[in-house]
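For reference, the structure is listed below as structure tokens.
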Amino acid sequence: MLVYAIQRIGLSILILITSMVMLFTALRMIPGDPATIMLGSRATAAMRARITEQLGLDDPVLVQLGTFFGRILQGNLGTDMWSQRPVSQMVLENLPYTLVLIGVGLGWAALIGIPLGCYSAIRRNSLIDRLTGVISVGTISIPSFVVAIYMILLFAIILGWLPVIGAGDVGDRGDQALHLIMPGFALGLGWVGYLSRIVRASMLEVMGDNHIRTARAFGLPEFRIIKSYALRIAILPTITLLAVAIGGLLSSAVFVEAIFARPGIGKLIVDAANMRNFPVVQGGVLTTVALFALTMPVADLLVAWLDPRVRATL
Amino acid sequence: MGLMGLILVLIVVFCGIFGPWITPFDPYKINVPDKFQAPSLHHIMGTDNLGRDVFSRVIAGSRIALSVGVSTIAIALVLGLTLGLIAGYGPRWLDNLLLLIFDSIYSFPTVILGLTVVTLLGASVATLMFVVIVIQTPAYARLTRTATLSLKNSEYIEAIESLGASKARIIGVHLLPNVVGPLLIIASMDIPSVVALEAGLTYLGMGIPPPAPSWGRILQEGFGLIRVAPWIVVAGGIPLIITTLGFTFLGESLRDNLDPRLRRVV
Amino acid sequence: MKDSVLEIRDLSLHFETQQGHVHALRRIDLDVPRGEIVGVVGESGSGKSTLALAVMRLVSVNARITSGELLFGGGDLLKLSEDDMRAIRGTRISMVFQDPMTSLNPVRTIGQQMLDIQYRDRTSSGADKREKAALALQRVGLPDAASQLDRYPFQFSGGMRQRIAIAMSLLQKPELLIADEITTALDVTLEAQMLHLLRELRTDITGSILFISHNLGAIAEICDRVVVLYAGEVVEAGPVDDIFNRPQHPYTQALIACDPARIETATRELPVISGDVPNLHAIPAACIFSPRCPSVFERCRTERPPNVEVSAAHLARCHLLQDARA
């Protein structure tokens, strides 16, 4: 099991490294002075000089690559030229907000989506099943930012029930919770449908298996069969598919944060991108990529831990 | 469901193709005295802060959305097909390298990749198209690669090769027909996400620059004016919903009806 | 007649498919006397498994039981509510299935599954239940039973899994055990062991066994009575000796004659029954075996033969017999 874990994480790290190299190369492949590209035309000469010196932009490429990786390993993501603050600090300030948002969004999507998927599989072709199917497809395809905007229109502007901007006052949990309702809902809406669909598909496959028939033949109550027998097996591919979809979740989070002006990695990147502030963009991007790259092996390991068949082969 | 999808798609396509002829007003024409008019019979979706007719802008936007969507996916398809064939047929190291690159691109959440590129290259139509192509190609390449690999190793191909068929012939006659079907279906299902991506990036200010009436642009302007002229935002969202729902419904029912076997591949 | 633990009367079942109705079981009469092993023999597609599932009321959703009674324990199983039926499953009637590789839950240990089965027992402790499970495993010949409880099905071979399945089904001491082709997926040696096991267990269980198989040898070895099924109908039923030594129905005769184990002289060609199993969509009014019967005559094609009592407890559905009597 340990070897398996190391393998999976190793692969992810390899992918991570490749991404970083690609990022690095991309910057330097663009015609023009890297300093200007990274900071945009509004940067002062002093800023440009400082970043050239800091990143050693005049040094040979391989040296630059070395320092690049060296710095990252130390946790140094560079300095924001405009505010003179370390990018890593900016990232750390914003990351928790994004994580909370994603947690809430995915959380309520799972709370509703998984049971809905189960129910649809058990009562196949019932009204609820078909309704869920159509609505799922609908909510999955509608872009989350459209949902977010409409929600703001309805709940904040017209009805005035919920606040729009920001994450709420620090320290005031109630206020923060209030500020989470709309963003969390907008983020999770598409995922309710997605989750219910994959749970439904997995469940349908499992329910057709012979051992479910055996369980019935022993008179086990239906609820237990679904919970301990079918769901326990169907959840495994669900976890894998979820991990793959985290990327989409992060993308949606960017929009939601931007629209609701919530602090978070997404907003950090968007604001920096608008200002053509590449060092900050890079720092944020590296963080999200690392996050995403690590979710996959974590999911694989979780599945391996839950499925005794996989555990045994390791 | 499929029928509804078809209808919606046809509406969008119709607007896209015949846009310039059916817009009641010039989408670009600024007419400040007419600004902030609520929807009426005259201006079906009202006017914005510069007096432009929102409905016309929406229709014009369909042209942008569709042209960006279709062209980028088409290019990504061709690129993906080629790369996938190379990966499948070529030497092992090349395959591994390409796979690594594809997975690395995958590990960038879509929008974030877009933002990165835009930061570096500036916001323009070309940048946007570049971003979409970079994002979409790996998926198509992977599909082609899988098909190529499984076909390459099949006994059927060995038999044909022993009869002297050239690689080109194998690819052309045997491989491509198998791959094209699923590819096209996936590609058509990708159109809504590409349109959404374009709209989203433009909304954030990173996509197609003004005054082009991309739906994302309309939404962005509308959001800023949401308290004063809420109809703009409503107008901007509707076409997006229609397009995404339409193409997705169509794609889903197409996939369900065409070949149940495809469901495993797709 | 002896007291029967299960009496199937006039059972008819069809499946609803897109191509129409498939009449899988037609007017089945079957008795399982208490304490006896009744074999149900027939070729693939004869309806054996469907019959087994019907008794357990576990048939698929598109199956319809259109007539008949399943008399068990003083009542008709078909009239019970689902909850009441569920109370019977695993406790008073148990079933062992054909494929040991897929019949057990892969992600739960044997012990967990055997404890699950005992869920109705609210008085015994967990330890007691484990004890009971270990004893059952021991009884079916699994070495080191207690530690096996914590292992997963995939850690056992097919033969052992089948033993485990048998142990599970006997946990609650059912009155009737349905064994649906339990040796079909096993090789010959394992099959012999399994039959030996069943015979041994007979002294343990006070109940009866409904033994379903297409293997005549196995049937001959352990059954007391035999029921011959062809294309959804019972064509002959009787004591095992009678059926094998004095088969009356042409199908039974052909079946026995074609059994490779019985071929005494060396031959290049194995005897077969010519023709195919009939299409169950359209059931003729006549004898179901008539298209393939070597002794067929006019009446067979137009009239369904009645059940003729050849001797005590031996019945066969054939016009030939009636004529002989007349």
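Every read-out reported here was derived from the displayed coordinates using simple, explicitly stated rules and does not represent laboratory data. What you see is a predicted model, and the numbers here were worked out from it, not measured in a lab. Ideal geometry is used to build each Cβ from the backbone, glycine not excepted, and the neighbour counts take in all protein chains shown.
Annotations
- Pairs from A:K227/C:K173; C:K79/C:K132; C:K48/C:K129; C:K48/C:K173 whose Cα-Cα separation, in the structure shown, is over 31 Å: C:K79/C:K132; C:K48/C:K129
- For residues of A:216-229, the mean tally of beta carbons on other chains within 10 Å: 6
- Geometric descriptor of chain C, per residue, is 157 Å³ (volume of the convex hull of the Cα atoms).
- Relative contact order (%) - criterion: Cα under 8 Å, at least six apart; region: chain C: 21
- Taking a straight line from the alpha carbon of B:K152, these lysines sit under 18 Å away, with near neighbours fewer than eight places off in the same chain left out: B:K167.
- Folded to 0 to 90 degrees: helix A:278-306 orientation relative to chain A principal axis, Cα: 30
- At least 15 Å along the helix axis (C-alpha) and Kyte average at least 0.0, DSSP helices within chain C: C:158-170
- Helix-only mean residue ellipticity at 222 nm for chain C, each DSSP H run of n ≥ 4 adding -39500 (n - 2.57), per residue, nearest 500: -9000 deg cm²/dmol
- Debye, to nearest 20: dipole size of chain C, +1 on Lys, Arg Cβ, -1 on Asp, Glu Cβ: 480
- Inter-part distance where segment A:49-92 and segment B:12-29 are each reduced to a Cα centre, Å: 49
- Averaging Cα coordinates gives a centre for segment A:283-314 and one for segment A:127-190; these two points are 29 Å apart.
- Ranked by the mean number of other Cβ atoms within 10 Å of their residues, highest first, the peptides A:248-257, C:20-29, B:5-14 come out as A:248-257, C:20-29, B:5-14.
- As a ratio to 2.2 N^0.38 Å, the alpha-carbon radius of gyration computed for segment A:1-100 takes the value 1.28.
- On Cα atoms only, tilt of A:232-260 relative to the major axis of chain A in degrees: 40
- Per-peptide average of other Cβ atoms within 10 Å, ordering A:108-120, A:221-233 highest first: A:108-120, A:221-233
- Alpha-carbon Rg/Rh ratio, for chain A, with Rh computed the Kirkwood way: 1.05
- Hz values of 3J(HN,Hα) by residue in segment A:136-143 - Karplus curve (6.51, -1.76, 1.60), Gly and Pro given as x: 4, 4, x, 5, 5, 7, 5, x
- Dividing the radius of gyration of the alpha carbons in segment A:101-166 by their Kirkwood radius gives 1.08 for Rg/Rh.
- Cα-derived Rg to Rh of segment A:180-314, Kirkwood definition: 1.13
- Equivalent ellipsoid dimensions for the protein assembly as shown as semi-axes, Å, which come from the Cα gyration tensor, largest first: 67, 31, 28
- Among B:72-85, A:85-98, C:229-242, the order from most to least packed when residues are scored by Cβ within 10 Å on average: C:229-242, B:72-85, A:85-98
- Calculated FRET efficiency for the pair B:I238/B:Y28, C-beta based, R₀ 25 Å, to 0.05: 0.75
- Within the shell of other residues whose beta carbon sits under 12 angstrom from the beta carbon of A:M203, the net charge comes to +3, with Lys and Arg scored +1 and Asp and Glu -1.
- Calculated FRET efficiency for the pair C:A261/C:E298, C-beta based, R₀ 35 Å, to 0.05: 0.50
- Spatial extent of segment A:130-238: Rg and Dmax, with the Cα atoms as the point set, Å: 19.9, 58
- Once backbone amide H atoms are built at 1.01 Å from N, A:A261 has A:G166 as its partners under 5 Å, excluding neighbours fewer than 5 places away on the same chain.
- Label-point separation in nm, A:F223 to C:M101, each point 7 Å along Cα→Cβ: 3.6
- Each pair of Cα atoms in segment C:62-206 enters the Kirkwood radius, and Stokes-Einstein at 37 °C and 0.692 mPa s then converts it into a translational diffusion coefficient of 202 µm²/s.
- Residue mean of other protein chain beta carbons inside 10 Å, C:50-62: 1
- Computed on segment A:203-314, with alpha-carbon pairs under 8 angstrom and 6+ residues apart, the relative contact order is 23 percent.
- Rg and Dmax [Cα atoms of chain B; Å; Rg one decimal, Dmax integer]: 21.9, 78
- Partner shielding of C:109-118 amounts to 2, given as the average count of beta-carbon atoms from other chains within 10 Å of each residue beta-carbon.
- Relative contact order of segment B:109-254, taken over Cα pairs closer than 8 Å and 6 or more residues apart, is 25 percent.
- Working from label points 7 Å from Cα in the Cα-to-Cβ sense, the B:L41 to A:R28 distance is 6.8 nm.
- Chain B: DSSP helices with Cα axial extent of at least 18 Å and average Kyte-Doolittle hydropathy no lower than -1.0: B:2-22, B:54-89, B:92-106, B:125-152, B:176-203, B:230-258
- Restricting segment A:112-215 to trypsin sites (Lys or Arg not before Pro) that sit in a DSSP loop and have at most 15 other Cβ atoms within 10 Å of their own Cβ leaves A:R123, A:R124.
- What the phi angles of segment C:173-186 give under the Karplus curve with 6.51, -1.76 and 1.60, with θ = phi - 60°, is a coupling list of 6, x, 7, 9, 10, 9, 10, 8, 6, 6, 9, 4, 8, 10 Hz, glycine and proline written as x.
- Between helix A:2-29 and chain A there is an angle of about 40 degrees, using the helix long axis and the longest principal axis of the Cα atoms.
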